[in-house]
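Notes to accompany the following structure.
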Amino acid sequence: MLKVEDIIARSPVIPVITIEKIDDCLPLATALVNGGLTVLELTLRTPVALDAIRLLRKKFPTAIVGAGTVMDATQLQQAIDAGAQFIVSPGTTDSLVRAVAACGLAYLPGAATPSEMMRLAEHGFTVQKFFPAEAAGGVDMLRSLAAPLSKIRFCPTGGLTPDNAMHYLSLPNVACIGGSWMVSKKLVDGHQWNEIERLAHLAAALPRSH
Ligand code: 3PG
């Protein structure tokens, strides 16, 4: 079973993918993986999301495939059954944290305030998704958290773009970042696989500070 450290070490950027049509799943993942993004987060926001996770696990054995927007223990179980190798949630609840801790799956729990972050760290989750990053204070917020919450590292997500991505990645308490800019609805609906691959390539090459 993968650890969260294995996932954040693999790539500086985790694409946050929302699949509307299952037929888009393979060409989209091919573009991302060819571009160098091999950690794929599929949000559970559409009816085909679990099928997409199943398909990607089968067709891309060297990629790391996870489920995002996991809201509760029921969705957690569905994601596990589909083969998800990690779980991401926008925020957390006590029952979700208990369920994930019990199953041992790699988990990026969402937090936006110091109290939420401290509570998660008490449960042993010291790598957290900072969400919604731009709306919740962005780079300045993360910079302010570095000294008091020095043991916590973040994957900021929400509002990240090619323009601000490098500012986040230069922070010492940022492990990696997440975003959908390279897999936007417009690009996917337009089947712009070459452009997605190009954006993935640029994202995969972003430098990290550590
Ligand atoms: C998420 O679920 O993490 C966000 O929806 C991704 O945010 P973005 O679409 O602003 O990149």
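Things to note:
- Of Lys58/Lys151; Lys3/Lys151; Lys3/Lys185; Lys3/Lys186; Lys151/Lys185, pairs whose Cα-Cα distance is over 26 Å: Lys58/Lys151; Lys3/Lys185; Lys3/Lys186; Lys151/Lys185
- If the segment from Thr93 to Leu202 were pulled out straight at 0.36 nm per residue, it would be longer than the present Cα-Cα gap by 35.7 nm.
- Relative contact order computed over the range 4-204 (Cα-Cα under 8 Å; 6+ residues apart), in percent: 24
- Centre separation in Å (Cα based) which lies between the range 31-75 and the range 172-210: 15
- Sulfur and carbon atoms: percent of accessible area, the range 4-204 [1.4 Å]: 54
- With the cut-off at under 20 Å, measuring from each backbone N in the range 6-24 to a point 7 Å along the Cα-to-Cβ line of Asp51 picks out 17-24.
- Rg to Rh quotient for the chain, alpha carbon positions, Kirkwood Rh: 0.94
- Accessible area in square angstrom per residue, the range 1-81, 1.4 angstrom probe: 44
- Stretched out straight at 0.36 nm per residue, the stretch from Asp189 to Thr113 would grow longer than its current Cα-Cα span by 23.9 nm.
- With θ taken as phi - 60° and the Karplus curve 6.51 cos²θ - 1.76 cosθ + 1.60 applied, the whole-hertz 3J(HN,Hα) list for the range 94-101 is 4, 5, 5, 4, 4, 5, 5, 4 Hz, x standing for glycine and proline.
- Separation in nanometres of the label points that stand 7 Å from Cα toward Cβ, at Asp163 and Ala146: 2.3
- Here's the list of aspartates and glutamates a cross-link from Lys21 could span, going by alpha-carbon distance under 13 Å and ignoring same-chain residues fewer than 8 apart: Asp51, Asp189.
- The shape of the range 130-210 comes out prolate: with a ≥ b ≥ c from the C-alpha gyration tensor, a/c is at least 1.5 and a/b beats b/c.
The values are calculated or read from the model by the stated rules, or taken from the named source; none is laboratory data. What you see is a predicted model; the values in this text were computed from it and never measured. When we count neighbours, we look across all protein chains shown, and the Cβ atoms used for this are built from the backbone with ideal geometry, even at glycine. The protein model used for the area step is the full one, side chains on, heavy atoms only, and it has no ligands, DNA or RNA in it. Shrake-Rupley method; radii C 1.70, N 1.55, O 1.52, S 1.80 Å.
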